[in-house]
Amino acid sequence: MTVDGDDQGFVAFVSDRSASLLRTAYLLVGDQSRAEDLLQTALTKTYLRWGQLRDPAAATAYVRRVLANTATSWWRLRSFSERPTDRLPEVPGADQIGAREDQLAMWRHLQALPARQRTVLVLRYYEDLTERETAAAMGISVGGVKSMASRGLTRLRALMGISGDVMVAGEVF
Amino acid sequence: MTNDVETLLRRTMREQGVRVDGPPVGGEEIVRRGQRVRRTRRWAMVAGVVVVVTGLLGGAVGLGSFRDHSSVVPATGAVPTGPPKVVSVQKDKLSLPGGKTVALPRSGLTGGAWVITPVAGGWVANSSVAAVLVSPAGVVSSLVEGAHTANLSVVASPDGERVAVTQAGTAGNLVQVYQVRTRKLIGTTSLVRSESEVGPPESHVLGWYRDSVVLGSVPPSGLPQVGLWDFAAGPWNGKVSQHGVGIVQGAADGDRLLGYTMDPKGRVCVGFVDPARDFAMSGQSCDFQVTQALVRSFRWHRAGSRLWSPTC
């Protein structure tokens, strides 16, 4: 394979940003191998648009957008791709080092949210994007971001309450 | 409470995020994937152009054979005047050169538009679900009609004595070869879908070479492929060319065909292919985009009207 100047810039971008983007992908899909597939798909799409992006900030925003949209479309397709199994997949145990019951519960409930609600929460509370940036990344309105974030948080709050976890300010951390 | 949920959410995502190892893949690998995607997209674009060109050429050849008995005519030329000498179809009525009108079977009407292919001693008219033979006297006889017929297409041999018929099925395509004059089935092969990249999952008939049928295949991933099926020897063995030729169409002199391939730089190339030598290509040119092919003179026009004439 020949790597020209443009490709070298892209390779440098991937080297610089892929670890961070992989974490975002992982939070979106909740599984490392699927996150790697998701990120590779997003980066390949970014490579095809690299000639128009160039600016690393624009490229990062573009990758985020592809991640969000692709994760949502995968979630919609999962009923066609999932297969029944007679063995439950491994789940994090309650005794993992550094993991607390409430965080494990939160992680499980986050993964159970609809994809778009989960995506909004990941972009807002992990990537620390503004509502406007989140809206741009997902291709929706700012009002849509507010609505989905509110519904997602409400749902998490309800689920955490159902799970029996009682959170008291100042006691969680 | 709300803030506690948000704080717990942030903390949870941070701690989950740091568990992920990275980077997952090198940039070079992504570049390779991207280049493959670009090549595949270019192939798809070329395939679209070829379908259009083939349709135009097929129509032109059909018109020419009725007009002046020439086997091949250019795709462009003067519009004929005077009484129509060609067959035409309106809904289910086929008009023959002598003015006679015959009704095509209504069972084919559900298969969309009828397509007419000149063959020895008449025409084959096919929709996507049925094919019939029509004689110059207006006698219509069924050629293909049954449970397997879907997305039916017909490609006649150069002498018009045989036709290769592709039909789509749920498990793959079925290709059958018929002797036109007797309507006898003389070859059949089932192109079963496969997960293999070298298998024939979506194979169909591209054309003819001597007494064999040229099959094209679009695998689940990778580039299109071509292979040769000697139907007299039995079902197709699935062997495809190792020369990277993706699309074949048209006949050239010297017992060769016209083929399309892609060079290592991703450029589309056209040239002559020799099916007898595993579709080895010669006389190719890669520095232009194919927009039209004139089969008889073997010339291709580049967008912008530059003319290329390969030396034969």
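The values are calculated or read from the model by the stated rules, or taken from the named source; none is laboratory data. Quantities reported herein were computed from a predicted structural model and do not represent experimental measurements. No Cβ is skipped: glycine too gets one built from the backbone with ideal geometry, and neighbour counts run over all protein chains shown. Accessible surface areas use protein heavy atoms only, side chains included; no ligands, DNA or RNA. Shrake-Rupley method; radii C 1.70, N 1.55, O 1.52, S 1.80 Å.
Take B:R32 and A:A112, extend 7 Å from each Cα along the Cα→Cβ direction, and tell me the distance between the two endpoints in nm.
Output for this residue pair reads 4.2 nm.
What does the accessible area of A:W107 come to, in Å² to the nearest 10, when a probe of 1.4 Å is used?
Accessible surface of A:W107 is approximately 20 Å².
Would you mind giving the total buried accessible surface between chains A and B, with a 1.4 Å probe and ligands, DNA and RNA left out, rounded to the nearest 100 Å²? Walk me through the numbers on the way to the answer.
Details: alone 10970 and 17420 Å², together 24610 Å².
Buried surface at the A/B interface: approximately 3800 Å².
Rounded to the nearest 0.05, what FRET efficiency do A:S73 and B:T7 have when you use their Cβ-Cβ distance and R0 = 35 Å?
Computed FRET efficiency for A:S73 and B:T7 comes out at 0.70.
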